[in-house]
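Enquirer: The structure's right below; bear with me while I get my questions together.
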Amino acid sequence: MENHHSGGRFLREPPKPRRSKAPLIIALGLALVLLLGIGGFFLLRGGVGNALLAQPETTLPPTTEPTTEATTEPPTTEAPTTEPPTTEPPPVYRNPLNGELLDEPYTGRIFISTISNVPDALPHVSANQADIIFETFVNYSIIRCIGLYSNISQVEQIGSIRSTRLMFNDITEHYDAILFHAGGSSQVLADAKARGIENFSVDTWDAVQAEISVRDDYRRRNIGWEHCLLALGPKMEEYAAAQGYSLEGDPDKDYLLRFNEDGTPAGGETAEHITITITERSNRKDTVLDYNPETGRYVYSQYGKVMTDGITEEEETYRNIIVMFAQISREGMYQVADFCAGGEGLFACGGKLIPIQWGCDSEDSPFWFRTMDGEELELGVGNTYIAITEPDSKIVYE
């Protein structure tokens with residue numbers, strides 16, 4: 001466009017056409033792309049491009065040169081030592097009346113049998129198989145035994161069986177046992193019923209039919225009718241169950257008897273020959289017990305002769321000997337002992353003898369036996385003979 005002059009003034013020249021900036025921007029963009037490319041190259045090489053343009057760490061992880069510094073192993077921590085779990089010893093089960101080992105707890109019921117002990121009724125039958133035998137005067141001058149059997153089904157015959165007495169009712173109640181007998185007086189049977197003592201007579205036709213009793217022909221002909229009745233053990237439990245009596249005892253029941261394989265009392269006096277004079281008022285009866293060191297048992301003698309079993313003819317022997325000195329009185333014609341009052345006594349085993357204490361916690365709890373120091377008495381494993389007599393009875397041992 002040309003310049004024009006008008007009215008003495010100069011007019012400005014028209015502006016020149018403005019150059020476009022697009023080529024410059026494009027050039028700068030290309031340079032930036034080139035620079036970014038070079039920076040990326042240096043970034044990959046670990047060079048200065050790394051300072052110019054940082055890349056995200058997750059895109060290209062940096063490479064590290066292997067180090068020559070010694071590496072220190074992490075401190076070793078010893079594994080905590082743990083004690084091996086302690087194994088509880090297996091439980092030990094014992095027969096509660098004789099201490100013999102059992103495979104499982106005793107859960108049965110004890111059966112108690114009356115056994116005649118007057119001279120005409122001898123010899124005994126299976127008295128030696130009882131776990132515990134008690135001997136005492138029961139009415140006036142009549143002396144009698146009862147046997148406690150923890151496994152009655154294993155005893156073929158027992159006898160001879162006679163009627164029950166108040167003293168036997170007492171002992172049966174203490175052991176929560178089942179008592180069998182040959183009947184009894186109305187006073188004694190009423191006493192058993194009033195106490196809830198489970199009992200039955202084997203001197204009945206039903207008992208014979210159930211095969212729990214028999215009259216022995218030899219005894220009937222040579223001894224007499226009253227001394228020939230024998231009880232039969234194998235079906236006794238079945239018959240008791242038919243009477244409505246439970247055969248299941250309490251597995252946790254403590255019969256309060258403690259046992260040791262030896263049982264010889266420490267510090268005991270020599271007692272290889274023992275004579276026990278059982279008394280009640282003017283009544284007297286001697287029981288003699290002789291220790292046999294070869295068997296570790298006492299041989300039982302009375303009426304001047306050694307007792308042998310009426311079936312097996314084996315000597316009647318006992319591992320433990322106990323004398324219970326008791327306050328004995330009479331209820332009518334029957335002797336009774338004040339068991340709950342307790343008292344003192346004697347214990348012999350292994351040819352040695354010591355004084356002891358005995359008692360019970362109630363009328364329906366078993367007897368306990370302790371040393372004079374108050375420690376629980378330990379009996380030898382095996383059967384036990386117990387004499388119940390007055391406190392001033394004469395006991396001789398040597």
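Enquirer: Looking at LEU189, is it under 26 Å from the mean Cα position of the chain (by Cα) and either surrounded by fewer than 23 Cβ atoms within 10 Å (Cβ to Cβ) or part of a strand (DSSP E or B) (or both)?
Expert: It is false that LEU189 is under 26 Å from the mean Cα position of the chain (by Cα) and either surrounded by fewer than 23 Cβ atoms within 10 Å (Cβ to Cβ) or part of a strand (DSSP E or B) (or both).
Enquirer: Which residue is surrounded by the most Cβ atoms within 10 Å (Cβ to Cβ), if the candidates are limited to the stretch 235-259 and must be within 20 Å of ASN98 (Cβ to Cβ) and at pLDDT 95 or above?
Expert: Here the answer is MET236.
Enquirer: Considering only residues of the stretch 260-273 that are part of a loop (DSSP other than H, G, I, E, B) and over 26 Å from the mean Cα position of the chain (by Cα), which is surrounded by the most Cβ atoms within 10 Å (Cβ to Cβ)?
Expert: ALA271
Enquirer: While we're on this one: Tell me, which residue of the stretch 196-223 that is of a type in the set (S, T, N, Q) and in a strand (DSSP E or B) is surrounded by the most Cβ atoms within 10 Å (Cβ to Cβ)?
Expert: The qualifying residue surrounded by the most Cβ atoms within 10 Å (Cβ to Cβ) is SER213.
Enquirer: Pairs only if they're at least six apart or on different chains, beta carbon under 7 angstrom, first in the stretch 187-198 and under 13 Å from THR164 (Cα atoms), second of a type in the set (Val, Ile, Thr) and outside any loop (DSSP other than H, G, I, E, B); list them, first residue then second.
Expert: As it stands, the answer is ILE197/THR172; GLU198/ILE178, since those pairs meet every condition given.
Enquirer: Could you list all residues from the stretch 360-394 that are surrounded by 14 or more Cβ atoms within 10 Å (Cβ to Cβ) and farther than 20 Å from ALA341 by Cβ?
Expert: Listed by number, the residues that qualify are GLU378, LEU379, GLY380, VAL381, GLY382, ASN383, THR384, TYR385.
Enquirer: Further question on the same structure: Could you list, in sequence order, the residues of the stretch 290-311 that are part of a loop (DSSP other than H, G, I, E, B) and either more than 36 Å from the chain's Cα centre (by Cα) or touching a residue at least 40 places away in the same chain (Cβ under 8 Å) (or both)?
Expert: Of everything in the stretch 290-311, those that are part of a loop (DSSP other than H, G, I, E, B) and either more than 36 Å from the chain's Cα centre (by Cα) or touching a residue at least 40 places away in the same chain (Cβ under 8 Å) (or both) turn out to be PRO293, GLY296, TYR303, GLY304, MET307, ASP309, GLY310, ILE311.
Enquirer: What's the number of the only condition in (1) in a strand (DSSP E or B); (2) in contact (Cβ under 8 Å) with a residue 60 or more places away in the chain; (3) buried (at least 17 other Cβ atoms within 10 Å of the Cβ) that LEU346 fails to meet?
Expert: LEU346 satisfies all of (1) in a strand (DSSP E or B); (2) in contact (Cβ under 8 Å) with a residue 60 or more places away in the chain; (3) buried (at least 17 other Cβ atoms within 10 Å of the Cβ) except (2).
Enquirer: Here is a follow-up. Mind checking which residues of the stretch 385-394 are more than 16 Å from GLY351 (Cβ to Cβ), out of contact with any helix residue (DSSP H, G or I) (no Cβ under 8 Å at 6 or more places or on another chain) and not in a loop (DSSP other than H, G, I, E, B)?
Expert: Listed by number, the residues that qualify are ILE386, ALA387, THR389.
The values are calculated or read from the model by the stated rules, or taken from the named source; none is laboratory data. If you're wondering where the values come from, they're calculated on a predicted model, not measured in any experiment. Reconstructed Cβ throughout: ideal geometry from the backbone, glycine too, with neighbour counts over all protein chains shown.
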